[in-house]
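Quick notes on the structure that follows.
The values are calculated or read from the model by the stated rules, or taken from the named source; none is laboratory data. Treat the numbers as computed from the prediction; the structure is a model and nothing was measured. Reconstructed Cβ throughout: ideal geometry from the backbone, glycine too, with neighbour counts over all protein chains shown. Only protein heavy atoms, including side chains, enter the accessible area calculation; ligands, DNA and RNA are left aside. Shrake-Rupley method; radii C 1.70, N 1.55, O 1.52, S 1.80 Å.
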Amino acid sequence: MDRTQAMQAFEQVFGRAPTDLFTAAGRINVIGEHVDYCGGKVFPAALNLRCNIYARKTGGDTVRMTFRGIDGVVEFKTDKLNDYRDLEIGNYQAGVAYFLQEKGVDIIGCDLYYDCTVPFGSGLSSSAAIEVATAVALCEYANVEYDKVEIALLAQKAENQYAGVNCGIMDQFASAMGKKDHAVLLDCSTLAYEYVPLQLGDYCLVVANCNKPHSLVESKYNVRRQEVETALKVIQTVKDINNLSELSPKDFAEVKYLLAGVVAKRAEHVVMECDRVNKAVKALKDGDLVELGKLLNESHFSLRDLYEVTGKELDTLSALARKETECLGSRMIGGGFGGCTISIVKKTAVDGFIRRVGMAYAEEIGYKASFYETSIEDGITVEKL
Ligand code: GLA
């Protein structure tokens, strides 16, 4: 859907034209998976796939929302913001409004048309994009100054405490703070960050969706969080640390004997993945894409064997990518259990890669994967229409 169509759709539902466009990005994560809630470093980048909100301020006490591809209007009253936790569509938005109001922001009535091009359930953070874009819209209409990091933290709080998903900060941070053609190296224990140019020369990142729907709400995401919490508590009996990310692989080898079964596996993933992030950033800065690809593969194997968040579809998709001679590495991204992979592929080989991997995947799994044309863009944008 292009802009004119979106504006017409807005007008059809709400009777007047929109006046503003607020957007926030979906994201990929180059490496650093399932470490954000352990204080680790992550390396995400904001995408051209976005939550676009066409909007108009109406005043009054009602926020009305409608969504591309879904009939009907969902609304919430600004004086009853605690009441929408069970909304199937609109709870992220209500959560954001709830916590903004709690902070003293006056929530002003408005009409919002959501044209979200981040595929839902794809592991590309459609929920973070929706939360961040909504927070921007509501702050702009309340006429308050806002800080993008604050917006990310508030969006995460809404997802944790309103929608009930115990996610880390990576997605909301990338969605708000992403920068064109850069990945964000974010230290999740301090929120210190650095932009690193995502320059891959003759190569590019291909994003593929295995099309097995995933939902963090239904997945084992919260279970994994509990498992690493358990590991941390045990290790804290012998080591003075606040986060698992503080352990080097050598430190971990010394304390591993304290942990048993899945808890040991989960903690080992976190420690090794944190180590891989540092190596990957160095490889990228050195232009060593072969090494970067190798680290992506290792990340996938660890998510498959130690963290156990992949599944047949993601394993098949990334294994097929890895078989391609012009592919340097491939891994699942995001929460897992479904969603997307990224692969480093030679630009001139992309068409053949998509064709061959796509065909073999459909044959093996029984339905098709999707491939997206992506670029790395800014996180939040605000525009008058
Ligand atoms: C989801 C969460 C993030 C992060 C990833 C895994 O996307 O929202 O906070 O934990 O999974 O790296």
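Straight-line cross-link reach from K57 at under 17 Å between alpha-carbon atoms covers these lysines, not counting any fewer than eight positions away in the same chain: K77, K384.
A 1.4 Å probe run over the protein chains yields, for the stretch 271-338, 36 Å² of accessible area per residue, whole-number rounding. Relative to the longest principal axis of the Cα atoms of the chain, the long axis of helix 3-14 makes an angle of roughly 50 degrees. With a 1.4 Å probe and all protein chains left in place, how much of the accessible area of the stretch 216-312 comes from carbon and sulfur atoms, in whole percent? Answer for the stretch 216-312: carbon and sulfur cover 51 percent of the accessible area. Under the simplified labelling scheme, the D106-T58 pair shows an inter-label distance of 1.9 nm, with each label point 7 Å from Cα along Cα→Cβ. Remark: for residue pairs K250/K282; K220/K265; K250/K279; K157/K265; K148/K220; K220/K368, the C-alpha separation exceeds 18 Å in K250/K282; K157/K265; K148/K220; K220/K368. Charge tally for N143 (other residues, Cβ to Cβ under 14 Å; Lys, Arg +1; Asp, Glu -1): -3.
Listed by chain and number, the aspartates and glutamates whose C-alpha is less than 16 Å from the C-alpha of K80, apart from same-chain residues fewer than 8 away, are D61, E102, D106. Helix 289-305 and the long axis of the chain differ in direction by around 90°, with both axes built from C-alpha atoms.
Of the residues N209, A163, Y367, the one whose Cα sits farthest towards the positive end of the charge dipole of the chain is Y367 (charges of +1 on Lys and Arg Cβ, -1 on Asp and Glu Cβ, taken about the Cα centre).
Considering only K265, K312, K250, the Gaussian network model of the chain with Cα springs below 10 Å gives its largest mean-square fluctuation to K250. Among residues other than R304 whose Cβ falls under 15 Å from its Cβ, what is the net charge (Lys/Arg +1, Asp/Glu -1)? Local net charge: +1. Apolar share of the accessible surface for the stretch 57-199: 43 percent from carbon plus sulfur atoms, 1.4 Å probe. Modelled this way, with points 7 Å down the Cα-to-C-beta line, the labels at N242 and N222 are 2.6 nm from one another. The alpha carbon centroids of the stretch 116-157 and the stretch 261-281 are separated by 29 Å. Using the rule -39500 (n - 2.57) for each DSSP H run of four or more residues, divided by the residues of the chain, the 222 nm mean residue ellipticity is -13000 deg cm²/dmol.
A 1.4 Å probe run over the protein chains yields, for the stretch 75-192, 36 Å² of accessible area per residue, whole-number rounding. Our note on the geometry: Cα centres of the stretch 56-101 and the stretch 338-376, 36 Å apart. Applying 1/(1 + (r/R0)^6) with r as the Cβ-Cβ distance of Y367 and K347 and R0 = 35 angstrom yields a FRET efficiency of 0.80. Relative to the longest principal axis of the Cα atoms of the chain, the long axis of helix 312-323 lies at roughly 60 degrees.
Under the convention that each Lys and Arg Cβ holds +1 and each Asp and Glu Cβ holds -1, the size of the dipole of the stretch 22-148 around its Cα centre is about 300 debye. Derived scalar couplings between HN and Hα for the stretch 341-349 equal 10, 10, 9, 8, 10, 4, 3, 5, 9 Hz in order, rounded to whole Hz, by the Karplus curve 6.51 cos²θ - 1.76 cosθ + 1.60 (θ = phi - 60°), x for Gly and Pro. Of all aspartates and glutamates in the structure, those lying under 16 Å Cα to Cα from K41, and not within fewer than 8 positions of it along the same chain, are E33, D171, D187, E194, E246, E268, E273, D275. Extending 7 Å from the Cα toward the beta-carbon at both D251 and T230 defines two label points whose distance is 2.2 nm. For the residues T62, T19, T316, a GNM of the chain with alpha-carbon springs under 10 Å puts the largest fluctuation on T19. Put simply, the amide H of L200, placed in the peptide plane, has no neighbours under 5 Å, leaving out anything fewer than 5 places away on its chain.
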